[in-house]
Structures are given as structure tokens and as C-alpha cells.
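In what follows, a structure is listed as C-alpha cells, so that the remarks can point back to it.
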Amino acid sequence: MLIAGRYRLHDPIGRGAMGEVWRAYDETLGRPVAVKLLLPQDSDPTAASRFRMEAQTAGQLHHPYVVGVLDFGTHDDRLFLVMELVDGDSLARMLADAGPQPADRVARIAAQAAAGLAAAHQQGIVHRDIKPANLLLDADGTLKIGDFGIARFLDDPAAALTATGQIVGTSLYLAPERALGQPAGPASDVYSLGCVLYQLLTGRPPFQADTAIAILHQHLDAAPTPPRQLGADLPPAFESYLLGLLAKQPEHRPGAAQVADWFTSGAWQGRPEPLPAASSAPAPEHRPPSTETGPATTYLLPSSSRHTTRAHPTRRRSRPGVRETLTRRPRVAAIAGAVALFVAAMLAGMVWFSPDNSSAEGSSTDVTGTTGPTSTEVTPSPAVAVQPSPTPTPGETGATKDKKERRPHSDDEEKEEDD
């Protein structure tokens, strides 16, 4: 079949709700193309307008990760859309054939899909139907976003519901705000992309149920199971970021451009990030080894604080020395006085119990002669140490005084004996 006198159809390569896609050849420009023909839509009067919307929106996008629109027209009362041919399979076919994909391949798909969505969002276009069947991979693994059939401009007043009252989009990948009937925004496409990435890693969508209504309730209320709990082999950073794409609130999701940059930078591998300030703060607390030189010590402890720290121990050491010197003197004087009293007591006892007066005098004389030097050697201070005992008059010692006091006692004893 020849369409519009230049596009020759060869074989069908896909079929959707609104149309069928053929592999074709542009005989005018001599290149392979894909031609999408609108199916008869007797029951859906909005199909033609949606088909036109796809042509208008995709025709404004020129991006390596978006399927380009080349032509649009009518043939035999049927609308057709000519697009670049993506010689490969959709992600839906890849999942059916190979199952879950490795993390590095999913990260590459995520970066390209997010970049294509960011380009559409910059043009004010929301795709509204991101799902595995609408994401195509060419022969070299480059991703292309196709099927803008239900896309809308952000300033388009059209509602998110079809004429039959059904929510436009696929329930398995529908954002929570859209399940509530709210208008779609760029964050809605990011959520749908997160659902696709989740399925690529685990082999299943984040939410499953027997009915579309039950699935929509899960989008609203349920938390997705972390992919690694389902056996997905991916870094924790990848898993955490993916769950962030599935945040219930649109404002909590990153933008498509941010998603593209994050995956392109390789952050999904969990490469170490620069340490926060709190992690490096304890470094000055660790003292360097004693073999380190002055500059290292100066770096850890500022010079002003180091000088202040050294000044305090010096004052602490000097004060005890002064106090010890001041307290030692009265203590020595007290000891010397006690020794002097002890010596005086010994002398008095010796005189008191001496057998005769002459021996007492000799003893007192001898001891008294040694008392002065002994007291002088023990007490470096003057007679303060011997102040407690009265100083005898010259020529009279304590022993002599005691002797005089004992003589009357002896006379009384003699009288008693005579009687």
C-alpha cells in the first residue's frame, strides 16, 4: 500500500488502542520510516483529536531520545503519522523475553528516558502515558520515547478524563495525583518512569491487583516493596533514589532533568560523596604523634590557645611551693617547741628521782650544758621555741629549784622519824 503517494507500507510492527504501526519506506527521500494509521474509532469520537495531538506535540520535539515526527496527513479518510523508524524492540518486549535487567542497563535507560522527558517538559508537554510499551530501544541500545497520543500541553484546559469517564493512562504506571483526578504535570511522568524502572529491576510493577481500581488505591496509600527485598541486585543508593521517584506527593519527587543528571553522573553506583562538615570536625581533637613537628601542632592547636594552656600549669606549680614554704615554718617551730618541752620534762624527772643532791646537780649541770646546743640545732629561730617554759635565772636551773622545793619535805620526814 502506498500512502500519500510516497510512503510504501511493508509489514505491521505494532498495534495500539488508536492505531497500528507499519514498517514503511519513504520513496521520495529514500529512507525507512514508520507509519502509524488511525484505526476506525466509531465508539471514541476523541480518537481523531488525540491522534492530532500526538502529531502536534511530538512534531515540536527534536531530541535524540524522543521519536521524531516527520509527516502528518490523511489518506482515504484515515489519519496517518510518519515517524522515524526505531529498529528495535520496546521495553515491554524486552521484559517478556529476558525478564529483569541488570542495574547498569536500567541506569542507562533511566538517564536517557529522563533526558527525553526533560526536553518535553521544557516545551510544556506532559506525556501522561509513560510505560514499557512506549519506550523503544534501537539496535545500539539508545532509548526513544514514543506515542505522545494522550500527551497534553500544560496550559491545555482539556480534562484528564475521556468522554467515557475513564482516566487516561495505564493504571499500573499512573501517578497518585492522577488517580485522584488531578491534572497531570511533569512530576506525573517522573512517577510513571519510576514504575517502569522498578519493573525493569524486579520483573513486576510496584503495585499489582486484580482490578484497576485496586491498583489505583495502592498508588494512593501503599508503599512499594524495596526492590532488593524482591531479589533485585542493585546498590542501596539506586534503590533509595528509585523509591524517591515513587513518592506520593508530586513536590517530593525530583525533576526529570535532575533524574537524568543523577543517573548520568554514575551516582546510582553509590560512589562515596564528600564527607559532611560534621564528619571532619573531630579531626582537631586527635593529637598527632609526639614525633610530629611544630607546624602540625600549630595546625591542630592555634598558637594563642596553646600559650594560654601552658600558662595555667606554671601558676599551679608555683602556688603550692609558696604555700608549702609558708606552712613549713610554723610547723617546724611547733615541733621545736614540743621537743624543748619534752627535754625539760625529762630533766625535771631526772632531778626528781635522783638518789642524792650532788648527783642531781651534776646531772643537771651536764644536761643543762647540752640543752642549749640541742635546742639551737633543732630550732633555727630564737627563744620562741622555748617560750612555754619559764627561763631560769642565772646560776639556777630547773633541777636546783626542784631541790629547794623538796628540802622542807625532807625535814618533816626527819621530825616524824624522831617522834
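Counting the residues of segment 240-281 that are modelled with pLDDT under 95 and basic (K, R) gives 1.
Summed over segment 20-45, residues that are at pLDDT 80 or above and out of contact with any Gly (no Cβ under 8 Å at 6 or more places or on another chain) total 15. In segment 196-213, of all residues being surrounded by fewer than 13 Cβ atoms within 10 Å (Cβ to Cβ) and either in contact with a Gly (Cβ under 8 Å, 6 or more places away or on another chain) or not hydroxyl-bearing (S, T, Y) (or both), the one that is nearest to Y173 (Cα to Cα) corresponds to Q208.
Just so you know, in segment 199-220 the residues that are without any contact (Cβ under 8 Å) to a residue 60 or more places away in the chain and assigned to a loop (DSSP other than H, G, I, E, B) include one that is nearest to the chain's Cα centre (by Cα), and it is P206. A223 meets the conditions (1) within 24 Å of the chain's Cα centre (by Cα); (2) surrounded by 13 or more Cβ atoms within 10 Å (Cβ to Cβ); (3) small (G, A, S) in every case but one. The failed one is (2). Would you confirm, using the coordinates I've provided, whether A311 is surrounded by 12 or more Cβ atoms within 10 Å (Cβ to Cβ) and either more than 30 Å from A114 (Cβ to Cβ) or modelled with pLDDT under 95 (or both)? Taking the combined requirement at face value, the residue does not satisfy it.
Restricting attention to segment 204-240, the residues being more than 24 Å from S188 (Cβ to Cβ) and not acidic (D, E) number 9.
Go through segment 123-149 and give me each residue that's modelled with pLDDT of 95 or more and polar (S, T, N, Q). Result: T142, single match. Residues of segment 14-28 that are among the β-branched types (V, I, T) and surrounded by 16 or more Cβ atoms within 10 Å (Cβ to Cβ): V21 alone.
A residue that is under 24 Å from the mean Cα position of the chain (by Cα), part of a loop (DSSP other than H, G, I, E, B) and surrounded by 15 or more Cβ atoms within 10 Å (Cβ to Cβ) occurs somewhere in segment 232-244. For segment 29-140, the helices (runs of 4 or more DSSP H) that sit wholly inside it and include 2 or more residues that are without any contact (Cβ under 8 Å) to a residue 60 or more places away in the chain and not assigned by TED's automatic domain parsing to the domain that holds Y7 are 91-98, 103-122.
The values are calculated or read from the model by the stated rules, or taken from the named source; none is laboratory data. Bear in mind that the values here come from a model prediction, so they are computed numbers and not experimental data. Glycine also receives a Cβ, built like all others from the backbone with ideal geometry; neighbour counts cover every protein chain displayed.
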